[in-house]
1. Which of (1) at pLDDT 95 or above; (2) at negative phi; (3) assigned to a loop (DSSP other than H, G, I, E, B) is the odd one out, the single condition residue 14 does not satisfy?
2. Working carefully through the options 33, 59, find the one that is more than 23 Å from residue 146 (Cα to Cα) and touching a helix residue (DSSP H, G or I) at 6+ places or on another chain (Cβ under 9 Å).
3. For residues in the stretch 36-47 being out of contact with any helix residue (DSSP H, G or I) (no Cβ under 6 Å at 6 or more places or on another chain) and part of a loop (DSSP other than H, G, I, E, B), which is farthest from residue 58 (Cα to Cα)?
4. Condition test on residue 120, is it within 19 Å of residue 136 (Cα to Cα) and either out of contact with any strand residue (DSSP E or B) (no Cβ under 7 Å at 6 or more places or on another chain) or part of a helix (DSSP H, G or I) (or both)?
5. Determine if the stretch 71-81 includes at least one residue that is crowded, with 19+ Cβ neighbours inside 10 Å, touching a residue at least 60 places away in the same chain (Cβ under 8 Å) and part of a loop (DSSP other than H, G, I, E, B).
6. Given the criterion within 23 Å of residue 65 (Cβ to Cβ), modelled with pLDDT under 90 and in contact with a strand residue (DSSP E or B) (Cβ under 6 Å, 6 or more places away or on another chain), identify the matching residue among 152, 115.
């Protein structure tokens, strides 16, 4: 009889420090905010998506905001759905299992494909195909055929976190 748990021991996680100790409160606040944005403003945000409390989603044309399941929008990221100077009101989409980095800007009408990663500070002016990493201003594809897990997490992330935790570096 083989025991799978012995063959694949669980990865060690980083120590819970600072605000991570009250992650339950953050989850409550994020969930409440998602409920507010979907029910009051009519945004299309999947129930499993996570949107940072400081992320800014365009409320001028709120029905144009679409965020897929298991995607993460980090702090100070901006998703725009309108351009007043051009009279443009369009839908901006983030696919499933995506990561939108801190301080990035997604311009109106852009679609981010499933399993893509937008680097911190990127300004996305064009559609991003599925399975790509984009960075820069304007954002350029720096890597393609990338496979990401839920919330845009690299598949090697658990191993890296385990190695750091095992060396007491977290």
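The values are calculated or read from the model by the stated rules, or taken from the named source; none is laboratory data. None of the values given here were measured: they were computed from a predicted structure. Here the Cβ positions follow ideal geometry from the backbone for every residue, glycine too, while neighbour counts run over all protein chains shown.
1. With (1) at pLDDT 95 or above; (2) at negative phi; (3) assigned to a loop (DSSP other than H, G, I, E, B) applied to residue 14, the lone miss is (1).
2. Details: 33 fails: touching a helix residue (DSSP H, G or I) at 6+ places or on another chain (Cβ under 9 Å).
Being more than 23 Å from residue 146 (Cα to Cα) and touching a helix residue (DSSP H, G or I) at 6+ places or on another chain (Cβ under 9 Å) holds for just one of 33, 59, which is 59.
3. Step one: list which residues in the stretch 36-47 are out of contact with any helix residue (DSSP H, G or I) (no Cβ under 6 Å at 6 or more places or on another chain), which gives 36-40, 44, 46-47.
From what's left, part of a loop (DSSP other than H, G, I, E, B): 40, 46-47.
Working: 40: 13, 46: 17, 47: 19 Å.
The qualifying residue farthest from residue 58 (Cα to Cα) is 47.
4. Working: within 19 Å of residue 136 (Cα to Cα): yes; either out of contact with any strand residue (DSSP E or B) (no Cβ under 7 Å at 6 or more places or on another chain) or part of a helix (DSSP H, G or I) (or both): yes.
So residue 120 passes the test.
5. Initial filter on the stretch 71-81 (crowded, with 19+ Cβ neighbours inside 10 Å): 71-74, 77, 79-81.
Still in the running and touching a residue at least 60 places away in the same chain (Cβ under 8 Å): 71-72.
Checking the rest, the ones that are also part of a loop (DSSP other than H, G, I, E, B) come to 71.
Checking the stretch 71-81: at least one residue is crowded, with 19+ Cβ neighbours inside 10 Å, touching a residue at least 60 places away in the same chain (Cβ under 8 Å) and part of a loop (DSSP other than H, G, I, E, B).
6. On the way: 115 fails: modelled with pLDDT under 90.
Every option except 152 fails the conditions.
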